[in-house]
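J.: Encoded as structure tokens, here's the structure I'll be asking about.
The values are calculated or read from the model by the stated rules, or taken from the named source; none is laboratory data. Please read all numbers here as calculations on a predicted model, not as lab measurements. No Cβ is skipped: glycine too gets one built from the backbone with ideal geometry, and neighbour counts run over all protein chains shown. For the accessible areas, the whole protein counts, side chains as well, though only heavy atoms, and no ligand, DNA or RNA atoms are used. Shrake-Rupley method; radii C 1.70, N 1.55, O 1.52, S 1.80 Å.
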Amino acid sequence: MSAEGLSLSDQHSSHVEIEGVALRFGDRPVFSDLHCSFPRGKITVIMGPSGTGKSTLLRMIGGLQKPDQGCVRVAGQEIVGLSELELGRMRKQLGMLFQNGALLDSMSIFENVALPLREHGRQGEDEIRLHVRAGLEAVGLPDVDDLLPGELSGGMLRRAALARAIVSEPAVVLCDEPFSGLDPPNVSRIESLLRDLNRNLGLTLIVTSHHMASSLRMADQVLLLQEGHSISGSPQELAESRDSAIVDFMGEDGAEYLSHHVSVKEGH
Amino acid sequence: MKGVLSRLGAWVTGGVVGLGQTVNFGASVLRSAFVSPLRGRQIVAAIYDSGVLSLALLCASGATVGFVLGLQLYYTLSRFGAESSLGTAVGLALIRELGPVLTGLLVTGRAGSATCAEIGSMKATDQLDGLRMMAIDPIHFVVMPRALGIIIVMPLLSALFVIFGIGGAYLIGVELLGLDGGSYISGLESAVAFREDVLQSIVKSLIFGVLLALISTYRGYACAPNAVGVSRATTSTVVTTSVCILLADFVLTSLWGV
């Protein structure tokens, strides 16, 4: 494990890299000199106390938030300073699950999920229909085609948004708090969905979460944001760490859970 | 004194920056109107939202204004024995001024505020960022169709307002107060000229439409992404557009040489 987070990137090629990023919102510094990387084909969970910039980091990777200084690279391409048109091209390899779903209120669930395919794909309507149906079935929503987003529950909305994020088969999926506000069955469902996506399609998943149990169960790498800098490592490395920042964040319950979970995972 | 000057300077600078940003935004919207795909479906939906859903309001308001004009002008003109000029007076007042201006103000209250609030809510709930993340330009997908919808419906609604206004005044003047129907219509027909009156009315309502489209979409697009921000943007849209329409009406009337 390392501060400024580079342990897993030593073993796997990085899909997304953040170098020397600084960002302030008014007088409040969010990042001072952030370095971290996200390995290709792995699940990285970004954790940390509220207000440490987890969602901002995701938005930065998506090009929605420009840093004051520093470098953000997606698949080797520097994205800071790209025009909106160039960012659009880059974003075709990204999918993003927003915290509130961000589905278009005025369109049905089917139309929402079909939107990226209709806009950029070259498929015919029949093929789009097949893709959308497959996406909605993958997230366990086979019968909601004609409903509006407002007619779905929070968990269903999140799953429909996930279907939209993955329907165009992006290489990287960014998930902002996918578990927040969900009941335990829905947390498990989304967790296993994300894990399946990673295993079956080899997607790089970058997830922000406060939900410690799910995050640690699915993570290959955990990135802990602390006052503008990062500490990263595998869940096992976190379990073994005596770093006060990690111990403080996890608390006793978290540390206990972590050591138990990791020992079960390792087959002890 | 220094503090007052400093605040005044900041206010003026803020105003100039805001104006620049609005014009810049307008240029982006205009550019996106010429980018493929045309967004026909969204434009038709926007025409429905801004136009069709405003029909009842516009027709009822036009007729009511016509009733009031019919009554007021009839009694005023009859003092000079000129009540037969009611058609002329009502027609010119409605076509040149009241039609475009009142339509502009009514559509601002109904469709402009709704457009601003809708775009603002989309921003507050990350729907615009969601579009960006799907490599879809929100100006092209959301803003341009709504702006174009408002610009297209404004002259049509204004024409409808004028027709209902003239009809309302006819009902009062002719059917209620006993004025001769033929003199009402012939007075209207002989006094209204296409170039000076009708064309002026169409141009005015088009310009009011452009102002409303630009201000309502920009305020929604640039609002703070929360409930207070959307509420302030909506109020600001109604106030700013109403003032701009009244000012523009004065400028256009002066320039037209009436």
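J.: Name every residue in region A:129-167 that is surrounded by fewer than 18 Cβ atoms within 10 Å (Cβ to Cβ), among the hydrophobic types (A, V, I, L, M, F, W, C) and under 10 Å from residue A:110 (Cα atoms), in order of residue number.
T.: Hits for region A:129-167 are A:147, A:148.
J.: Is it true that residue A:199 is surrounded by fewer than 19 Cβ atoms within 10 Å (Cβ to Cβ), among the charged types (D, E, K, R) and touching a helix residue (DSSP H, G or I) at 6+ places or on another chain (Cβ under 7 Å)?
T.: no
J.: Moving on to the next point. Within region A:18-38, which residues are of a type outside the set (A, V, I, L, M, F, W, C) and crowded, with 21+ Cβ neighbours inside 10 Å?
T.: Selection gives A:37 alone.
J.: Failed condition for residue A:65, given (1) open to solvent by 10 Å² or more (accessible area, probe 1.4 Å); (2) part of a helix (DSSP H, G or I), with all others met?
T.: Looking at each condition in turn, residue A:65 falls short on (2).
J.: Follow-up. With the requirement that a residue be hydrophobic (A, V, I, L, M, F, W, C) and open to solvent by 50 Å² or more (accessible area, probe 1.4 Å), what does region B:22-44 give you?
T.: B:23, B:30, B:34, B:35, B:38, B:44
J.: Look through region A:85-102, keep the residues that are assigned to a loop (DSSP other than H, G, I, E, B) and open to solvent by less than 10 Å² (accessible area, probe 1.4 Å), and return whichever of them is farthest from the other protein chains (Cβ to nearest Cβ).
T.: A:101
J.: With A:132, A:144, A:80, A:72 as the choices, which residue is on the phi < 0 side of the Ramachandran plot, touching a Lys or Arg at 6+ places or on another chain (Cβ under 8 Å) and more than 10 Å from chain B (Cβ to nearest Cβ)?
T.: It is A:80.
J.: Sticking with this structure for a sec: Output the qualifying pairs, or none if there are none: Cβ atoms under 8 angstrom, residues six or more apart or on different chains, first residue in region B:122-134 and more than 8 Å from every other protein chain (Cβ to nearest Cβ), second residue among the small types (Gly, Ala, Ser).
T.: As it stands, the answer is B:123/B:220; B:124/B:227; B:124/B:229, since those pairs meet every condition given.
J.: Another question, then. Give the residues of region B:212-235 that are over 20 Å from residue B:248 (Cα atoms) and among the hydrophobic types (A, V, I, L, M, F, W, C), sorted by residue number.
T.: B:222, B:223, B:224, B:227, B:228, B:230, B:233
J.: Now for a separate question. Looking at region B:171-184 only, could you name the residues that are in a helix (DSSP H, G or I) and in contact with a helix residue (DSSP H, G or I) (Cβ under 6 Å, 6 or more places away or on another chain)?
T.: Answer for region B:171-184, where residues must be in a helix (DSSP H, G or I) and in contact with a helix residue (DSSP H, G or I) (Cβ under 6 Å, 6 or more places away or on another chain): B:172, B:173, B:174, B:181, B:183, B:184.
J.: May I pose another question? Residues A:177, A:191: which one is crowded, with 19+ Cβ neighbours inside 10 Å, touching a residue at least 40 places away in the same chain (Cβ under 8 Å) and not basic (Lys, Arg)?
T.: Criteria check complete, one pass: A:177.
J.: Inside region A:103-120, can you point out the residues that are under 16 Å from residue B:132 (Cα atoms), more than 8 Å from chain B (Cβ to nearest Cβ) and open to solvent by 30 Å² or more (accessible area, probe 1.4 Å)?
T.: A:118, the sole residue that qualifies.
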